[in-house]
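Novice: Dumping the structure here so I can ask a few things about it.
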Amino acid sequence: IPWVRAFYMMLKRNILYTGITRAKKKVYLVGQWNAVCQAIHTDDAGRRNTALGERITRYYYQYLQEREPEQLRLAV
């Protein structure tokens, strides 16, 4: 697993833990020791800043609007 400070956004404890625990037999950490230390001491999984929920809602309402005329035709 490469651990260098250039990947500072990925230097988080949960990422390091996942990489180590998914190894089948051995795991090698290659890179800078201070990057590994930074990852160990950064417990910032943080909030994910995505608009996925808003997009799902928007597409759902768009889907409903497209189906309403079709359902009305079937009812008549």
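Novice: Quick one: 3J(HN,Hα) in Hz for segment 8-16, Karplus 6.51/-1.76/1.60 with θ = phi - 60°, rounded, Gly and Pro as x.
Specialist: 4, 5, 9, 7, 10, 4, 5, 5, 4
Novice: Which order, highest average first, do 4-15, 56-67 follow once you tally other Cβ atoms within 10 Å for each residue and take the mean per peptide? Numbers along the way, then the final one.
Specialist: Working: 4-15: 14.1, 56-67: 10.0.
Highest-to-lowest ranking by the protection proxy: 4-15, 56-67.
FYI, it's all coordinate maths here, none of it is from the lab. Just so we're clear, the structure is a prediction, and the values are computed from it rather than from any experiment. In this analysis, Cβ positions are derived from the backbone assuming ideal geometry, glycine residues included, and neighbour counts consider all displayed protein chains.
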